Amino acid sequence: MSATGSLRRRLGLGGALVVGLGSMLGAGVFVALAPAAALAGDALPVALVLAALVAAANASSMSVLAARWPQSGGAYVYGREALGPVWGYLAGVAFVVGKLASCAAMALAVGTYAWPGHARVVAVLLVVALTALGWWGVQRTIPVMAVIVVVVLAVLAAVVAVGAGAPAVPAGDGRGSVRDVLAAAGVLFFAFAGYARVATLGEEVRDPSRTVPRAVALALGAVLVVYAAVAWAGIRVLGVAHLGTSTAPLVDVVESAGADALAPVVRTAAALAAGGALLALLLGVSRTVLALARDGHLPRTLAGVDARHGVPRPAEAGIAVVVVVLVLVGDLGTVVGASSFGVLLYYAVANAAALTVRTRRGRRRAVPVAGLAGCLLLGWTQPAGSVLPGLVVLALALVAYAVTRRARPRRAASTDGSATRTTDR
């Protein structure tokens, strides 16, 4: 086991694209449409477009940053290098806390769909199994994610086809307020947010300056088309009122369209999609933990990289333990609320970092400014119950940062992506 070794660059464009698609085509497409429809009403398409625009701006900023700093850690690394260590630290904490809750939620979603009476058992076993898979290297996970992506896309295509052939429900006239539409966009934004997994795996991507931007753009574009088609089918068959109250909207779509035999297939696809998203989340969170541990914000034992397989096994194991505990505790309401706020902060830091990067065309300020404003706007619309716990967690993290600052060596990035150690700035 290497103490602080580098990860291996094994992912090409196809593998990076699979990671992006597998992350975004998770539970979001099966679950997020319902609460978004309840908020936005007939303005659901507007909320979807707003979410996509914010996601696209964030994706552009993340792509520029990943090409500039092709290391594991995502916005933690970008914030640290572009804005200073405290901003990178806050971004890293926001990402880890938010995505730990998301990991637990994805695992429980699989358990609920696969074996409703024993959801926790299934969730724990799944976390252990996917962590073990990740121990053998990110390249080993790509075929599994690719199969999941293909199956989920095929099922979603079937849902859209069934919806297109069913009688249409008369359009309603209920529209949410501007704030409600923005809140719905915030809900849908998290269904797009998986493209960051490609950036957090930047240290394992070949030719990251070209591969990461292309993979992010392709994945985001494909998912937007899929989400728009599925949302259209849901509104057409169920109407926004029924869609907004559904606990399994795509199952309701096929059943309302008279294709009851397809309902078990949709449930299976939902479980697979959540499992694929969980696999991608475990990979992304463990790489951010690795980056934090390398810089002394977490125990140095979590910075180990297996010399043979080139994977951060201690970080992956630590993440698995925390997620299993969250699954067993089960009361994720407060933590998931904090995660919503945390993810928006994570992307806000990324956009602010992108403002400092000069590209071949000069500084591209319009896109990161739009992304930063979008994150702050969507964050403002989130319920206080989501924002306040996030603020508490971040405040405690800042206290820990201040207390341990003198004990941490300074990290200075070298040109090859490795690090030298001096005093913390």
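Report the residue count in region 219-236 for those that are touching a helix residue (DSSP H, G or I) at 6+ places or on another chain (Cβ under 7 Å) and either open to solvent by 40 Å² or more (accessible area, probe 1.4 Å) or charged (D, E, K, R) (or both). Explain how you work it out, then say what you get.
First, pick out the residues of region 219-236 that are touching a helix residue (DSSP H, G or I) at 6+ places or on another chain (Cβ under 7 Å): 219-220, 222-224, 226-231, 233-236.
When the remaining residues are screened for being either open to solvent by 40 Å² or more (accessible area, probe 1.4 Å) or charged (D, E, K, R) (or both), the result is 222, 224, 228, 235-236.
Within region 219-236, residues that are touching a helix residue (DSSP H, G or I) at 6+ places or on another chain (Cβ under 7 Å) and either open to solvent by 40 Å² or more (accessible area, probe 1.4 Å) or charged (D, E, K, R) (or both) number 5.
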The residue from Ala307, Ala370, Ala315, Ala352 that alone is among the hydrophobic types (A, V, I, L, M, F, W, C) and modelled with pLDDT under 90 is Ala307
Scanning region 249-266 residue by residue, the ones that are closer than 30 Å to Gly134 by Cα and surrounded by fewer than 19 Cβ atoms within 10 Å (Cβ to Cβ) total 2
Exactly one of Leu272, Leu278 is farther than 29 Å from Val77 by Cβ, touching a helix residue (DSSP H, G or I) at 6+ places or on another chain (Cβ under 8 Å), modelled with pLDDT under 90 and of a type outside the set (Val, Ile, Thr), and that one is Leu272
Flag for Ala107 being of a type in the set (Gly, Ala, Ser), buried (at least 24 other Cβ atoms within 10 Å of the Cβ) and within 24 Å of Arg214 (Cα to Cα): no
Only one of (1) touching a Ser or Thr at 6+ places or on another chain (Cβ under 6 Å); (2) open to solvent by 60 Å² or more (accessible area, probe 1.4 Å) does not apply to Ala183, and that is (2)
When region 116-143 is checked residue by residue, the ones that are open to solvent by less than 10 Å² (accessible area, probe 1.4 Å) and part of a helix (DSSP H, G or I) are Ala123, Val127, Gly134, Val138, Thr141
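Just to verify a result, which residue in region 239-250, among those that are of a type in the set (A, V, I, L, M) and in contact with a helix residue (DSSP H, G or I) (Cβ under 6 Å, 6 or more places away or on another chain), is farthest from Leu25 (Cα to Cα)?
Residue satisfying both the conditions and the ranking: Val240.
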Restricting attention to region 269-288, the residues that are touching a Leu at 6+ places or on another chain (Cβ under 9 Å), open to solvent by less than 10 Å² (accessible area, probe 1.4 Å) and not small (Gly, Ala, Ser) number exactly 5
Residues of region 401-424 being in contact with a His (Cβ under 9 Å, 6 or more places away or on another chain), loosely packed, with under 13 Cβ neighbours inside 10 Å and at pLDDT 80 or above, in sequence order, are none
Expected single match for surrounded by 14 or more Cβ atoms within 10 Å (Cβ to Cβ), outside any helix (DSSP H, G or I) and either of a type in the set (A, V, I, L, M, F, W, C) or on the phi > 0 side of the Ramachandran plot (or both) among Val169, Val152 is Val169
Quick check on Gly92: is it over 17 Å from the mean Cα position of the chain (by Cα), among the small types (Gly, Ala, Ser) and modelled with pLDDT of 80 or more? no
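Here are some residues: Leu17, Leu90, Leu65. Which one is closer than 30 Å to Val155 by Cα and either among the aliphatic types (A, V, I, L, M) or open to solvent by less than 20 Å² (accessible area, probe 1.4 Å) (or both)?
None of the others qualify; the one that does is Leu17.
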Just one listed residue, out of Ala293, Ala263, Ala269, Ala259, is within 18 Å of Leu100 (Cα to Cα), of a type in the set (Gly, Ala, Ser) and either out of contact with any strand residue (DSSP E or B) (no Cβ under 6 Å at 6 or more places or on another chain) or in contact (Cβ under 8 Å) with a residue 60 or more places away in the chain (or both), and it is Ala293
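The values are calculated or read from the model by the stated rules, or taken from the named source; none is laboratory data. Given the structure is predicted, the values throughout are model-derived calculations rather than measurements. As a convention, Cβ positions derive from the backbone with ideal geometry for all residues, glycine included, and neighbour counts pool all protein chains shown. For the accessible areas, the whole protein counts, side chains as well, though only heavy atoms, and no ligand, DNA or RNA atoms are used. Shrake-Rupley method; radii C 1.70, N 1.55, O 1.52, S 1.80 Å.
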